[in-house]
1. Confirm whether Leu14 is surrounded by 11 or more Cβ atoms within 10 Å (Cβ to Cβ) and either modelled with pLDDT of 80 or more or within 22 Å of Ile182 (Cα to Cα) (or both).
2. If the requirement is being among the small types (Gly, Ala, Ser) and in contact with an Asp or Glu (Cβ under 6 Å, 6 or more places away or on another chain), which of these qualifies: Gly110, Gly114?
3. Looking at Val133, Val127, Val144, which is the one that is out of contact with any Gly (no Cβ under 7 Å at 6 or more places or on another chain) and closer than 16 Å to Cys19 by Cα?
4. Do we find a residue being modelled with pLDDT of 90 or more, in a helix (DSSP H, G or I) and within 16 Å of the chain's Cα centre (by Cα) anywhere in the range 93-104?
5. Please determine, by comparing only the residues of the range 13-62 that are of a type in the set (Lys, Arg) and in contact with a Phe, Trp or Tyr (Cβ under 9 Å, 6 or more places away or on another chain), which one is farthest from Phe115 (Cα to Cα).
6. Report, ordered by the first and then the second residue, all pairs with beta carbons closer than 8 Å, sequence separation of six or more or different chains, a first member in the range 41-58 that is touching a residue at least 60 places away in the same chain (Cβ under 8 Å), and a second member that is assigned to a loop (DSSP other than H, G, I, E, B) and surrounded by 13 or more Cβ atoms within 10 Å (Cβ to Cβ).
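The values are calculated or read from the model by the stated rules, or taken from the named source; none is laboratory data. Keep in mind the model is a prediction, meaning the values are calculated, not measured. Cβ placement follows ideal geometry from the backbone for every residue including glycine, while neighbour counts extend to all protein chains displayed.
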Amino acid sequence: MNHVATQAGLSQRLNHVECVYRPGERDVAYALFDLMGFKTFDYMDGEVYVAAVDPPTFRDEDNDNYVAGRVVRPEQWAFDQALEKALKEEPLASAFAKQQEMLAATPQWGMHFGFRLNSPADWEAAVARIRDVDNHPSPLRGRVRLLKAMRPGDPDQPFNIYQAFLWTDVIASGSLAFGQRIELSTFIR
């Protein structure tokens, strides 16, 4: 069944994901969203940035379909730094390592947000850019990695969907100590 609705006809919708970035790394956050094909710009007198998921259709007054970000607040930054240190020491280190191992194999089981690309060709291009990020001078070098890319028909892809998961420590919609997983997907139409 194909359900198509205009924004005006929707009673509810997810409007944004709020992320934080490390002090002094706004340009790195912009580079990350540029890599994924988002259009980034300053908002609210520069306090916040907006990364429009679909730049051609983004309309500021609709206030949806975007990722927002701001510098991490000092209280969260202090907590994240303490948490990052604690994750390297027992008793958390081994439990965290096992969780990271599981998420490397099955990133779809962990906390993430996702966005859909228009076509398999757009998806393949985005995956190639992410896979290639360490091969070029970039502030993203070592800060973004492709965890997994699954195509319809792959042994580990039971669904008719292209899915890729990346990990980054540039932004997070939670604790920066954990980093952020982001899903890129598209369906065969």
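1. When the stated conditions are applied, Leu14 does not pass them.
2. Exactly one of Gly110, Gly114 is among the small types (Gly, Ala, Ser) and in contact with an Asp or Glu (Cβ under 6 Å, 6 or more places away or on another chain), namely Gly114.
3. After applying the criteria, what remains is Val144.
4. Yes, because at least one residue in the range 93-104 is modelled with pLDDT of 90 or more, in a helix (DSSP H, G or I) and within 16 Å of the chain's Cα centre (by Cα).
5. Among those residues, the one meeting the criterion is Arg22.
6. Correct list of pairs: Val53/Phe38; Val53/Asn65.
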